[in-house]
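What follows is calculated from the coordinates using simple rules that are stated; it is not laboratory data. These numbers were taken from a predicted model, which means no experiment stands behind them. Note: ideal-geometry Cβ built from the backbone for every residue, glycine included; neighbour counts use all protein chains shown.
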Amino acid sequence: MFKKILIANRGEIAVRIIRAARELDIPTVAVYSEADKNSLHVKLADESVCIGSVSSAESYLKIPNIIAAAEITGADAIHPGYGFLSENTKFSEICGMYNITFIGPRAECITKMGDKATARATAIANGVPVTNGTGIVSSVAVAKKLIKDKIGYPVMIKATAGGGGKGMRIANTEKELEENMVAAQNEAESAFGNPDVYIEKYLKNPRHIEIQILGDKHGNVIYLGERDCSIQRRHQKLIEEAPSFSLPIDIRNKMGIAAVTLASAIKYDSAGTLEFLVDGNNDFYFMEMNTRVQVEHTVTEMITGLDIIKLQIQIAAGAKLNIKQNDIVLTGHAIECRINAEDPRNDFLPSPGIIEKFIVPGGNGVRVDTHSYQGYEISPYYDSMIGKLITFGIDRNEAIAKMKRALREFIIEGIDTTIPFHLEVLDNKLYKDGKISTNFIAENFSNK
Ligand code: MV4
């Protein structure tokens, strides 16, 4: 096992990883920017190192500073959390050069899945369904012909270096294709330094359903059921749940087997998530793979009883998965609401500032993962998450009732939060009936 783990991240996920390491009896090192010296992750870790100024580029993204912090403190492993360097192949390789274990998959897995057209091709090669579409298209003329011959409008133009909605455009007609393909290429070039795009048939009103998997270094891969992440706003997830309310068991199992097939094909050896879109006929299509732990891993933990972060650390240290697929039993229902410092009444405008009052809900079936506390300042430099509120019940209705109760108990003063928005969603008839798709917020909360 590792002697010491450095956490190359901040906020609630840094706290989450420190807690997992402590349960495994592994000492931890926190790194922090000048803006984060009072952050909870710094207080909870055994040691801490300031790695730079407030800007992420000068701290949490600065590879030499993070490696130096690991060298100085004698950390033999680095957990990258999510965001920042978590899907950076160069960083994982540099860790290797310094004999530091990157707690994540092999570098090749990150590269293969980081390029979305390659991920799509790998899925096709392994019999995993994808939407009707193309590989990289070299010109508008080539795209037009392929769409005319085999796809049909509407289509979605996607940047191969993108993901999570960046560099994406819809085209309903040839004329829109001409305009939007060039726009997507330009956006991709300036955002990622790679203009390449591919085309997919556009699905209307899909659900976003993702499969959590775990792979080890001995060729074992299992799936831990699905999460429904359809409640999003401008590609920011707001509410996630597990299992998906509307997914038949046989479809879940087919998606799980597809996810395990693809992860096994690339010898995936960590925690990861395969993102699918599911249409009204319950046909599912692989979109992309996240080769990191995700914000919403918590809801899967609640219904499986597993600690995904501890398992990820043990796998990185070379342990064999001691859980078999048949051991995975999904029990009850879990919901996560992301509590952000944003004003839902004002276009979700960020609301940084000092948390004057902070009274956290608790009780049966309530979990709060947060780095915040009374007097803590939500900084304008990073994402606006204050914390995650997760509830667990025997079924969806009970999880919703507990969530409403917990949201009302949660007192946060001094800054605006997304709590009123969550309460409104939970009272929405379509939400209660489980009639949700990725257009739910846009269609029902357009005034927001
Ligand atoms: C799509 C799609 C419709 N058709 N692909 C957005 C993020 C990226 N991971 C995939 N995304 C989409 N891809 C086809 N062929 C609609 C979306 C999409 C979406 C997906 C999941 C959750 C929210 C979304 C919001 C807008 C668009």
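General remarks:
- Residue order for Ser92, Ser190, Ser246, fewest other beta carbons within 10 angstrom first, comes to Ser190, Ser246, Ser92.
- Measuring between their Cα centroids, region 1-33 and region 195-210 lie 36 Å from each other.
- Around the amide H of Glu288, modelled in the peptide plane, lie the amide H atoms of Glu275, all under 5 Å away and 5 or more residues distant in sequence or on another chain.
- Spatial separation of Cα centroids for region 106-151 and region 284-317, in angstrom: 25
- Footprinting exposure proxy for Ser33, Ser138, Ser55 (fewest neighbouring C-beta atoms within 10 Å first): Ser138, Ser55, Ser33
- The calculated FRET efficiency for Val140 paired with Tyr98, based on their beta-carbon distance and R0 = 56 Å, is about 0.80.
- Dipole in debye (nearest 20) - the chain, about Cα centre, beta carbon charges: Lys, Arg +1; Asp, Glu -1: 680
- Listed values for region 102-111 are Karplus-derived 3J(HN,Hα) couplings in whole Hz (6.51 cos²θ - 1.76 cosθ + 1.60, θ = phi - 60°), namely 7, 7, x, x, 4, 3, 4, 5, 5, 4, and x replaces Gly and Pro.
- The ranking of Glu296, Glu23 by Cβ neighbour count inside 10 Å, starting from the fewest, reads Glu23, Glu296.
- Gain on full extension, evaluated as 0.36 nm per residue between Asn439 and Glu58 minus their Cα-Cα distance, stands at 133.5 nm.
- Charging the Cβ of each Asp and Glu at -1 and of each Lys and Arg at +1, and nothing else, the dipole of region 65-170 about its Cα centre rounds to 860 debye.
- Charge sum, other residues only, whose C-beta stays under 10 Å from Ala20's C-beta, Lys/Arg counted +1 and Asp/Glu -1: +2
- Local electrostatic count, Tyr32, Cβ distance below 13 Å [Lys/Arg +1, Asp/Glu -1]: 0
- Charge dipole (the chain, unit charges on Cβ, about Cα centre) - positive-most of Thr298, Gly127, Leu40: Gly127
- Eligible lysines near Lys201 by straight Cα distance, threshold 20 Å, same-chain separation 8 or greater: Lys116, Lys144, Lys145, Lys148, Lys150, Lys158, Lys166, Lys175
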